[in-house]
Amino acid sequence: MPTTLVVTRNVEARYRGFLTSIMLEVAPGVYVAPDLSVGVRTRVWNVLSSWWSVLRNGSIVMVWRDTQAVGNLRIEILGEPPKEIVDADGVLLVKRQ
């Protein structure tokens, strides 16, 4: 169960209430959970996605360790241009679409 990080920006208060019930808010809009299971992380992302699809305000980024992904990181984004980690001859870069 890898550490999960969620960063919110310019979102409604409901996100803060929901995320603080599951994760620790270490800075304004920055939430961390050291041992969130895959199932819980998936349900959290589904709730955030469904709210965001209705409200369409601000941005949300979720990051966690995924050994199957480039750079061993998985990034999910709502509200910003999508980004992905790419391997450029051993150097990890963030690619914006």
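Values for this structure:
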| read-out | value |
| --- | --- |
| In Å², nearest 10: area of Glu76 left accessible to a 1.4 Å probe | 60 |
| Stokes-Einstein D in µm²/s, Kirkwood radius over Cα pairs - the chain at 37 °C with 0.692 mPa s viscosity | 234 |
| The chain, dipole about Cα centre (Lys/Arg Cβ +1, Asp/Glu Cβ -1), debye to the nearest 20 | 280 |
| Heavy-atom accessible area order for Ile77, Ile22, largest first, 1.4 Å probe | Ile22, Ile77 |
| Accessible surface, 1.4 Å probe, highest first, among residues Ser21, Ser37, Ser53, Ser59 | Ser21, Ser53, Ser37, Ser59 |
| Estimated inter-spin distance, Thr42 and Ala27, nm [label 7 Å along Cα→Cβ] | 3.1 |
| Selection from Met23, Thr4, Trp52, by position along the positive dipole direction of the chain (Cβ) | Trp52 |
| Rounded tilt (10° steps) of 38-55 against the dominant C-alpha axis of the chain | 70 |
| Modelled FRET efficiency - R0 22 Å, Thr20 with Val70, Cβ distances, 0.05 increments | 0.10 |
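The values are calculated or read from the model by the stated rules, or taken from the named source; none is laboratory data. Because the structure is a prediction, the values reported are computed rather than measured. Cβ atoms come from the backbone with ideal geometry, glycine included; neighbour counts cover every protein chain shown. These accessible areas exclude ligands, DNA and RNA; they are computed on the full protein's heavy atoms, side chains included. Shrake-Rupley method; radii C 1.70, N 1.55, O 1.52, S 1.80 Å.
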